[in-house]
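Read the figures in this text as sums done on the coordinates, not as results from a lab. Just so it is clear, the model here is predicted, and its values are computed rather than measured. Virtual Cβ from ideal backbone geometry, glycine too; neighbours counted across all protein chains shown.
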Amino acid sequence: MFCNHSLYRNDIQTAASLSFIPWDKLHGTSILITGATGLIGTCLIDILMEHNRMNVSDPITVYALGRSQERLHLRFADYEADSSFHYVVQDIRAPLPDDLTFTYMINGASNAHPAAYAKDPVGTILINIQGLTSLLSHAVAHGTKRVLEISSIEVYGQNRGDVEAFDESYCGFIDCNTARAGYPESKRVCEALCQSYRNQYGLSVCIARPSRVYGPTMLQEDNKATAQFIHNVLRGEDIVLKSDGKQRYSYTYMLDVATAFLTVLLKGEDGQAYNVADPASIVTLGGLAEKMAEQNHCHVRYDIPSQSESAGFSHLKDGVMCADKLETLGWKALVSMNEGIAKTIQILSNHE
């Protein structure tokens with residue numbers, strides 16, 4: 001399993017001791033991570049538990065929320081004997097147990113890939129909005145210190161052609177009269193919901209808007225383009241692009257996204273949103289495919305998608321993000337794109 005690979009463990013150990021994260025604010029606290037078995041949730045939990053290993057006298061109590069006991073067990077079995085680690089097995093839309101209190105919450109639960117948007121557009125909206133409502137209500141009732149909502153680059157909509165990169169104040173066009181719009185529109189509503197709870201109930205909230213994320217913690221069922229490319233390379237197949245590949249995006253390695261989330265949680269200004277993106281990892285989709293194909297001597301082919309295939313695709317053509325605001329908090333990306341891609345392929349191929 002990827003979590004036992006030496007490259008992954010080295011990444012986690014590095015992240016768990018970063019000096020720009022104010023770890024003292026977490027010592028002796030409790031933190032709920034929703035979407036615990038997801039791309040970033042699983043990495044966050046590994047970092048927190050590794051930090052506990054380094055700081056045995058004042059551990060962080062970690063709660064991992066997920067719908068499947070089996071998936072939680074498969075991923076986190078090594079932590080089950082640790083008194084600082086706990087499962088919360090439930091749908092995020094259900095009320096949290098009243099006897100559980102958390103100092104911090106990080107909400108990463110969402111339908112976060114195109115197949116889910118296309119097959120379950122209603123669930124995509126309701127998981128985002130109802131799930132966050134459940135968390136925020138619990139936070140207010142139980143005195144949670146801060147909630148970090150994980151939003152998305154997709155809240156920016158289409159680039160109107162008037163900026164080189166999205167800053168946190170940008171707002172582009174989203175055609176709300178499509179099923180695909182359920183994801184970005186519900187993420188916009190979630191951000192507004194955070195601000196409403198902050199203003200009406202005095203709850204401290206921050207928002208993180210990650211760029212496109214890749215890394216070995218990706219889910220097997222993830223069908224975003226980056227995940228499909230990686231699966232192709234691991235199988236020694238050509239990468240098939242369902243577009244002309246000219247779309248230009250920001251990308252960030254999952255470890256750097258996880259450390260950014262902790263930075264925003266602990267150092268971000270109340271009520272503010274922060275872009276999470278590696279400024280040095282900007283490339284076209286075709287360029288990314290070429291970089292990944294090089295890892296296993298594969299080729300890149302171009303193919304026009306069918307209507308059903310494209311139903312969940314993003315139509316964002318230029319999704320570059322400005323991370324200046326995040327960097328003022330002291331965060332910096334540690335893993336370059338070339339290094340991140342090579343690590344991802346090596347870890348998932350289990351080749352030491």
Residue 193: net charge of surrounding residues, Cβ under 13 Å, Lys/Arg +1, Asp/Glu -1, itself excluded? 0
Taking the alpha-carbon centroid of each part, what is the distance from the stretch 189-222 to the stretch 331-352 in angstrom? 25
Considering the chain as a Gaussian network with a 10 Å cut-off on Cα pairs, which listed residue, 96, 39, 48, attains the greatest mean-square fluctuation? 96
Any idea how far the Cα center of the stretch 230-264 sits from the one of the stretch 16-59, in Å? 24
The answer for GluC sites (Glu not before Pro) in the stretch 1-105 that fall in a DSSP coil and have at most 11 neighbouring Cβ atoms within 10 Å is 80
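Given R₀ = 41 Å, what would the calculated FRET efficiency be for residue 294 paired with residue 99, taking r from the Cβ atoms and rounding to 0.05? Working shown, then result.
On the way: r = 53 Å, r/R0 = 1.28.
The value I calculate is 0.20.
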Run the helix sum for the chain: -39,500 (n - 2.57) per DSSP H stretch of 4+ residues, divided by residue count, reported at 222 nm to the nearest 500 deg cm²/dmol. -11500 deg cm²/dmol
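For the chain, list the DSSP H helices whose alpha carbon atoms reach 15 Å or more along the long axis and whose average Kyte-Doolittle value is -1.0 or above?
Working: long enough: 41-54 (20 Å, 0.26); 121-142 (32 Å, 1.00); 182-201 (27 Å, -1.16); 254-267 (19 Å, 1.65); 337-348 (16 Å, 0.46).
What comes out of the filter, once short or polar helices are dropped, is 41-54, 121-142, 254-267, 337-348.
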Modelled label-to-label distance, residue 142 and residue 270, 7 Å Cα→beta-carbon offset: nm? 2.1
Answer rounded, prolate or oblate for the stretch 50-145, using the Cα gyration tensor with square roots of eigenvalues a ≥ b ≥ c: rounded when a/c is under 1.5, else prolate when a/b is larger than b/c, else oblate. oblate
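Between beta-carbons, use under 10 Å as the cut-off and find the net charge around residue 103, counting Lys and Arg +1, Asp and Glu -1. Mind showing how you got there, number by number?
Working: positive: 25, 145, 146; negative: none.
It works out to a net charge of +3.
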Considering only the chain, percent of DSSP beta bridges that pair antiparallel, nearest 5: 10
GNM top mover of 303, 222, 58 - the chain, alpha-carbon springs below 10 Å: 303
May I ask you to compute the full-extension gain from residue 171 to residue 317, defined as 0.36 nm times their residue separation minus their alpha-carbon distance, rounded to one decimal in nm? 51.1 nm
If r is the Cβ-Cβ distance from residue 223 to residue 163 and R0 is 30 Å, what FRET efficiency results, to the nearest 0.05? 0.55
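Rounded, prolate or oblate: which fits the stretch 1-113, taking a ≥ b ≥ c as square roots of the Cα gyration tensor eigenvalues, rounded meaning a/c under 1.5, else prolate when a/b beats b/c? Please list the in-between numbers first.
Details: a/c = 1.63, a/b = 1.22, b/c = 1.34.
Here the stretch 1-113 falls in the oblate category.
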The chain: spread of alpha-carbon positions along the three principal axes, whole Å, largest first, is 53, 48, 39
Among 326, 148, 241, which one shows the highest mean-square fluctuation when the chain is modelled as a Gaussian network with alpha-carbon springs under 10 Å? 241
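Label the stretch 95-204 by shape, choosing from rounded, prolate and oblate, from the square roots a ≥ b ≥ c of the eigenvalues of the Cα gyration tensor; if a/c is under 1.5 it is rounded, and otherwise prolate applies when a/b is larger than b/c, oblate when it is not. Could the numbers behind the result be given before it?
Values: a/c = 2.61, a/b = 1.54, b/c = 1.70.
Verdict is oblate for the stretch 95-204.
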Suppose each label sits 7 Å from its Cα in the direction of the beta carbon; what would the residue 29-residue 78 distance come out to in nanometres? 2.5
